[in-house]
Amino acid sequence: INPLTNKKTSYVPDFLIAYNDAKGNSRVELIEVKPENQSNKKNLGNSRTNQAHWIINQAKWEAARRWCKQQNITFRVVTEQDIFHTGKRR
């Protein structure tokens, strides 16, 4: 349910990836790619657009986490901080 409109919506994440990790264990991840300014509350600033995106994203991601838990897979949000990292940890 979209928290701003109270309407049922469809949510399609960006990637579903199945792989073997460095130890040979099978892993499955559902990955959503979003800008940092729409996914991290402390980086929203005064932008009403970013604030609205953050509210909607939280609802989408909670639904994704519930679904992933039922499927025994991992849900992860990736931002430009993850993609273009400089080696510094957040």
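The values are calculated or read from the model by the stated rules, or taken from the named source; none is laboratory data. None of these values were measured; they are calculated from a predicted model. Every residue, glycine among them, receives a Cβ derived from its backbone with ideal geometry; neighbour counts consider all protein chains shown. Quick note on the areas: whole protein, heavy atoms, side chains included, nothing else; ligands and nucleic acids left out. Shrake-Rupley method; radii C 1.70, N 1.55, O 1.52, S 1.80 Å.
Which residues, taken from the range 35-90, are farther than 20 Å from V12 by Cα, charged (D, E, K, R) and modelled with pLDDT of 85 or more?
R48, D82
Report the residue count in the range 32-90 for those that are open to solvent by 70 Å² or more (accessible area, probe 1.4 Å), assigned to a loop (DSSP other than H, G, I, E, B) and among the hydroxyl-bearing types (S, T, Y).
Residues that pass the stated criteria total 1.
What about I1, is it of a type outside the set (S, T, Y), under 15 Å from E62 (Cα atoms), in contact with a Ser or Thr (Cβ under 8 Å, 6 or more places away or on another chain) and free of Cβ contacts under 8 Å to residues at least 60 places away in the same chain?
On the way: of a type outside the set (S, T, Y): yes; under 15 Å from E62 (Cα atoms): yes; in contact with a Ser or Thr (Cβ under 8 Å, 6 or more places away or on another chain): yes; free of Cβ contacts under 8 Å to residues at least 60 places away in the same chain: yes.
Answer is yes for this residue.
Given the options A64, A18, A22, name the one that is in contact with a strand residue (DSSP E or B) (Cβ under 6 Å, 6 or more places away or on another chain) and free of Cβ contacts under 8 Å to residues at least 40 places away in the same chain. So that I can check it myself, show each step before the final result.
On the way: A64 fails: free of Cβ contacts under 8 Å to residues at least 40 places away in the same chain; A22 fails: in contact with a strand residue (DSSP E or B) (Cβ under 6 Å, 6 or more places away or on another chain).
Matching residue, one of A64, A18, A22: A18.
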